[in-house]
Amino acid sequence: MNESRFSRTLPTVLAGVLGGLAVVVVGALLISTNVIETGTRTEVVRDASPTVGQTQPVSRPEDGQRSVADIYKREGRGVVFVQTSGATSESDSPFGLPNQGGTATGSGFVVDDDGTILTNAHVVEGSDDVQIRVAEDGDFIDAKVAGRDPSSDLAVLEVDPEDADLTPLPLGDSSKVAVGDPVIAIGNPFGLTRTVTTGIASALQRSIEAPNGFTIPDVIQTDASINPGNSGGPLLDADGDVIGINSQIATGGSSQGSVGIGFAVPINTAKKLLPALAKGNDIERSYLGVRMAPVTDQIADELRLAADSGALVQAVVSGGPADEAGLTAGNGRSGSGGDLIVKVDGETIRTPDDVSAAIADDQPGDTVEIEYFDGEDRKTADVKLGKRPAQALRQPSQSLPDGGGLPNLPDLP
């Protein structure tokens, strides 16, 4: 990879994991000169006294005011306890920490009467044996991993419907979620079976890091208290419909528990992938082979960019699609900012996430037209997209002045 280094400071987020739940370590950090920003990432600044696990009622008067107790009683029956064994003691996943004793636990939920269960990919990563338990006092039954997609952190399990009394959960529409909407999380935090917490959708369109180092876009942020073991469990709306899959939490300082900031993969993402994953098909995604940074007014001014928005190319994978098409990265030593992508197939690009969205429906082998600035010159390149690799290529960790370190940063897209 032809790695280049950015000479100005940019915000980013740290990501990690605790046990069965991916944990995002969030803070306002400045990226120093030899670390590359990967796009618009979630930056969370915690209040001095965050509220955890708010108990506000979940209700919509126009919909009949379903109570938390009612939703828990009905939809809670479809939430399962996931237990895995034979997990590898070490992992290359950015979620990182090994499972103690080769055993891990998490959550999942039933999506149909045929025994299909949805959970997180990192819950079953490296596992030889997966079991689920439906009733709190029931027996564990064997489950098969039908399909797993690290890029979205989703996995589909299959069980024999004759072995358990299954209650499918209704799948909602995550595109209709609004900030401030009441939500419910049901799962198994720290092994405490079928625990319910409430809160709101506190933000939308966040980005988090997937197990393979790429970025999951359009994530729902919630202040409903979720903790290690909630991974793979449902985030429900006030009607009891699943709107997301709880996947990661933010922590502050040395804390390893919830501080009231969690992230759920949108259910619409899962609904797109579910048919293919249930059949065991691999999910192929297009690949441009660049790392990009967002552009601020300050960056545009300091680097004398030709536009004040777009996706600034910071690294180009050697021999990748963008490299073959002639796109070039910035050079921190010379102070150059690299090519600035402003359009993809006619769609205006304002941030790196816009590039990801623009090629999301394209397949490996498709050709896209990219408009970009090379200095003051506006150019056009036809780029034949490649197939996304299994793992994102990573930048070596950067040490911080206090002795800490920045984690490896994911590729986009």
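The values are calculated or read from the model by the stated rules, or taken from the named source; none is laboratory data. Computed from a prediction, not measured in an experiment: that's the story for all the values here. All Cβ positions, glycine included, derive from the backbone under ideal geometry; neighbour counts span all protein chains shown.
Assorted remarks:
- Qualifying residue in the range 202-223 (condition: at pLDDT 90 or above, polar (S, T, N, Q) and surrounded by 24 or more Cβ atoms within 10 Å (Cβ to Cβ)): yes
- Filter result (of a type in the set (S, T, N, Q) and either surrounded by fewer than 24 Cβ atoms within 10 Å (Cβ to Cβ) or in contact with a Cys (Cβ under 7 Å, 6 or more places away or on another chain) (or both)) within the range 179-197: Thr193, Thr195
- Selection count where residues are among the small types (Gly, Ala, Ser) and under 17 Å from Leu169 (Cβ atoms), scope the range 212-237: 4
- Residue check, Ala278 closer than 24 Å to Asp153 by Cα, surrounded by fewer than 20 Cβ atoms within 10 Å (Cβ to Cβ) and touching a residue at least 24 places away in the same chain (Cβ under 8 Å): yes
- Strands (runs of 3 or more DSSP E) enclosed by the range 167-262 - at least 3 residues per element that are over 18 Å from the mean Cα position of the chain (by Cα): 182-187, 195-209
- Listed by first and then second residue, the pairs linking a residue in the range 129-147 that is farther than 19 Å from Gly187 by Cβ to a residue that is among the hydroxyl-bearing types (Ser, Thr, Tyr), with Cβ atoms under 6 Å apart and 6 or more places separating them unless they lie on different chains, are Asp129/Ser85.
- Members of the range 322-340 that are surrounded by 23 or more Cβ atoms within 10 Å (Cβ to Cβ), within 19 Å of Ala392 (Cβ to Cβ), at pLDDT 90 or above and within 27 Å of the chain's Cα centre (by Cα): Ala322
- The test for being surrounded by fewer than 19 Cβ atoms within 10 Å (Cβ to Cβ), aliphatic (A, V, I, L, M) and closer than 21 Å to Ser151 by Cα holds for Ala357.
- When Gln298, Gln363 are checked against the criterion of being within 22 Å of Ala392 (Cα to Cα), surrounded by fewer than 24 Cβ atoms within 10 Å (Cβ to Cβ) and of a type outside the set (Phe, Trp, Tyr), a single residue qualifies: Gln363.
- Every condition in (1) assigned to a loop (DSSP other than H, G, I, E, B); (2) over 21 Å from the mean Cα position of the chain (by Cα) is met by Gln314 except one, and the failing one is (1).
Here is a yes/no grid of residues against (1) out of contact with any Gly (no Cβ under 9 Å at 6 or more places or on another chain); (2) among the aromatic types (Phe, Trp, Tyr); (3) assigned by TED's automatic domain parsing to the domain that holds Ile243:
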| residue | (1), (2), (3) |
| --- | --- |
| Val183 | no, no, yes |
| Ile186 | no, no, yes |
| Thr198 | no, no, yes |
| Ser202 | no, no, yes |
| Gln205 | yes, no, yes |
| Phe214 | yes, yes, yes |
| Ala224 | no, no, yes |
| Pro228 | no, no, yes |
